[in-house]
1. Given 59, 49, 7, which one is modelled with pLDDT of 90 or more and within 20 Å of residue 168 (Cα to Cα)?
2. When you go through 122, 80 one by one, which is the residue that is open to solvent by 40 Å² or more (accessible area, probe 1.4 Å), among the aliphatic types (A, V, I, L, M) and either closer than 25 Å to residue 21 by Cα or touching a residue at least 40 places away in the same chain (Cβ under 8 Å) (or both)?
3. Within the range 155-169, take every residue that is of a type in the set (S, T, N, Q) and open to solvent by less than 60 Å² (accessible area, probe 1.4 Å) and give me the one that is farthest from residue 33 (Cα to Cα).
4. Can you report the number of residues in the range 43-71 which are open to solvent by 30 Å² or more (accessible area, probe 1.4 Å) and closer than 17 Å to residue 9 by Cα?
5. How many residues are surrounded by 11 or more Cβ atoms within 10 Å (Cβ to Cβ) and either part of a loop (DSSP other than H, G, I, E, B) or free of Cβ contacts under 8 Å to residues at least 40 places away in the same chain (or both) when one looks only at the range 125-154?
6. Within the range 83-103, can you find the residues that are aliphatic (A, V, I, L, M) and either surrounded by fewer than 16 Cβ atoms within 10 Å (Cβ to Cβ) or touching a strand residue (DSSP E or B) at 6+ places or on another chain (Cβ under 7 Å) (or both)?
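The values are calculated or read from the model by the stated rules, or taken from the named source; none is laboratory data. Just so it is clear, the model here is predicted, and its values are computed rather than measured. Note that each Cβ is placed from the backbone with ideal geometry, even for glycine, and that neighbours are counted across all protein chains shown. Note: accessible area is taken over every heavy atom of the protein model, side chains too, but ligands, DNA and RNA are not part of it. Shrake-Rupley method; radii C 1.70, N 1.55, O 1.52, S 1.80 Å.
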Amino acid sequence: WNPYECVIARANMAVSADGAGNVSLGGTLRMKRDDVIQINATYILGIPVGNVEFTHDRVLVASRTTRQYIALNYQELSLLMGSDITFQDFQNVFWGEAEKLNVKGVDWKYITFTQLADGRRLPEEYDVAFSRGQTSVEARLKLSNFKLEDGWNTRTEVNTSRYTQLSVDQLVKLISILLGK
C-alpha cells in the first residue's frame, strides 16, 4: 500500500475544545514506517509550541512554551484513553491504512487523500474528535508539500535539566490552558 520508508509533510491544524474558538497551528508531520511518527506544532512565524512523538515503546508530548513533557508507555495511554491502543494503531491511521482509530471516544475521519508522483496515496486532510466525560476536543489536520525524505532525527531527546516531567492530571490541565479554556 505505502511501501516507502519516510514521509515529511507540512501540517496546518485547527484545534478547538468544547466548542470554543479554534487555535490555528502550523508544523510538520514526519513518519518513518515501523519506527516513529512525529508532529511538531508551531504558532504563526514559526514559534515552537511543542511536539508529539509516537514510537513502539512510548508516546511523548513536549510543550516548548511551558518546558514540560510527559512520556507514557502504551499501557498507561490505554488506561488514560479507556481502550487498548498500540503504536501500530497510530501508524495505520496516519498512513491511511485503517478506517478509524479503534479507541473509545475517538472519531477519526479522512476527508481527502493525495496521490504522490509514484502513484502511492496518503491522507491529506482528516478530522479527529476526542471526547472524555464532559470534555471534547476537535481537530482538523491538513497536510501539504509531501516529501519522501529521510535523514532527520527520529527521536526527540528531552533535556530533563530544562524540562519538567508532567503527571497525567497536569497534562490535561496544560491542554486546557493551551486551548484557551
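1. Only one candidate qualifies: 59.
2. Only one candidate qualifies: 80.
3. Filtering first and then ranking leaves 167.
4. Residues meeting the conditions: 4.
5. 12
6. 93, 101
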